[in-house]
Amino acid sequence: MDSDSETARMAPEKRTTATAALSTTAPDFAPTEVKALVRRLYGIDGSVQSLAGERDQNCLVETADGRRYVIKISNPSEPVSVVDFQIAALDHIARVSPEQPVPRVVRTLEGRTHGSVALPGGQHTTVRMLTYLEGVQIRETVRTPAQRRAMGTGLARLNRALHGFSHPGATHDLLWNVAAAHRLVAKLEGIVDARRRALAEAFMARFIDHVLPCLASLRSQVIHNDYHLYNVLVAPDDHARIVGVIDFGDMLHAPLVGEVGTAAAFHMAGNADPFEGPAQFVGAYHAAVPLTDVEQDIVADLMATRHLITVLISEWRAARYPENRAYIMRHNPAAWEALSQMADLSRNTARDRLLAGVRNGASQ
């Protein structure tokens, strides 16, 4: 990455495969068509129910005897290598750390990890099936310190399971990558409100000046990159016991601390002190996978950067796809609130408040 802050700040955004995936409409097969597709590829008969998704078409498939699966029809702009990468990562986790509560890949009738389907225009795209994980989304529960610490420990264990895993598709471009936030500079112009645009510009400058020059020296690996309240499931009778981690669609090879900052960002809401939840989460993560000194110095900046890219990407996409606005904008209000809460804090103050759980012990 370019460490020259002015060059990075002014560089025009390039159209990457990630941009294409976010700019291309997801497939939209009717339930009857999905049902026939599942029967053809997997020999499974079941009812079909649509699930929310940003880039792909996702459906829940349930058989008469209660077995449940998720069928994913990829965005046609998604490279097959990226789909292969996501499948290989789940297979890797199942092999090296089978206790991890992640979906399992279901093979086709021919024993393949994925199939193919023709879109209305004649273009083909990939189809894959995963096991459906039962549990309650954390967003539907009352948040507690024990739950946040369980999430921190759970993410650390997932990262350990992914450590050492490599795949050619892991280095793909993805706009939802806090380590590449500078590529979204052009999106700042799309923020109509002048006060909000100035706020976003300030955090972009903070990322470019203080984080970007450090990234090349940091440890990197394959990360989940989307470990938040919609994608982590807990037991119905114990909301501090994690029973599922879903949605590996934003996974990539990137700095490990970006994973921590991204996940911590989703714990700012719900407390009088917006740093209380993130500090509990980061403290528990650090107890399992210690952060280096440099990682500790920039993790709060990356937490803010996650909120920054959330507002930039969501407002851009909501304008393009108003029919999917509710899903696209679900994190937008909280992200703006978090940026406002951090706006008057120095980098050092934000860092020290976030690392309270690290420096005082995760049990504090």
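The values are calculated or read from the model by the stated rules, or taken from the named source; none is laboratory data. Just so it is clear, the model here is predicted, and its values are computed rather than measured. Every residue, glycine as well, gets a Cβ built from its backbone with ideal geometry; the counts of neighbours run over all protein chains shown. Areas reflect the complete protein model, heavy atoms only, side chains present, ligands, DNA and RNA absent. Shrake-Rupley method; radii C 1.70, N 1.55, O 1.52, S 1.80 Å.
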Any residue at all in the stretch 101-120 that is surrounded by 14 or more Cβ atoms within 10 Å (Cβ to Cβ), within 18 Å of the chain's Cα centre (by Cα), farther than 19 Å from I44 by Cα and aliphatic (A, V, I, L, M)? yes
Would you check if T310 is part of a helix (DSSP H, G or I), free of Cβ contacts under 8 Å to residues at least 60 places away in the same chain and either closer than 26 Å to A156 by Cβ or polar (S, T, N, Q) (or both)? yes
Condition first: open to solvent by less than 10 Å² (accessible area, probe 1.4 Å) and not β-branched (V, I, T). Now tell me which residues in the stretch 251-267 satisfy that. M251, L252, A254, L256, G258, E259, G261, A263, A264, A265, H267
Just one listed residue, out of A272, A287, is open to solvent by 10 Å² or more (accessible area, probe 1.4 Å) and modelled with pLDDT under 95, and it is A272
What number goes with the only condition from (1) surrounded by 18 or more Cβ atoms within 10 Å (Cβ to Cβ); (2) charged (D, E, K, R); (3) assigned to a helix (DSSP H, G or I) that R95 does not pass? (1)
Subset of the stretch 226-249, residues in contact with a Ser or Thr (Cβ under 9 Å, 6 or more places away or on another chain), surrounded by fewer than 24 Cβ atoms within 10 Å (Cβ to Cβ) and not hydrophobic (A, V, I, L, M, F, W, C), comes to D226, H228, H239
Restricting attention to the stretch 58-80, does a residue exist that is modelled with pLDDT of 95 or more, of a type outside the set (D, E, K, R), surrounded by 15 or more Cβ atoms within 10 Å (Cβ to Cβ) and in contact with a His (Cβ under 6 Å, 6 or more places away or on another chain)? no
Just the residues that are under 28 Å from T63 (Cβ atoms), part of a loop (DSSP other than H, G, I, E, B) and open to solvent by 80 Å² or more (accessible area, probe 1.4 Å), please, taken from the stretch 132-166. E134
Only one of A205, A198 is open to solvent by 30 Å² or more (accessible area, probe 1.4 Å) and among the small types (G, A, S). Can you tell me which? A198
Flagged pairs (Cβ under 6 angstrom, 6 or more apart or on separate chains; first in the stretch 26-51, over 13 Å from V117 (Cβ atoms); second surrounded by fewer than 18 Cβ atoms within 10 Å (Cβ to Cβ) and modelled with pLDDT of 95 or more) are G43/L109; D45/R39; G46/E62; G46/T63; S47/E62; V48/P31; Q49/L60; L51/L60
Does A194 satisfy the condition of being out of contact with any His (no Cβ under 9 Å at 6 or more places or on another chain) and within 25 Å of E78 (Cβ to Cβ)? no
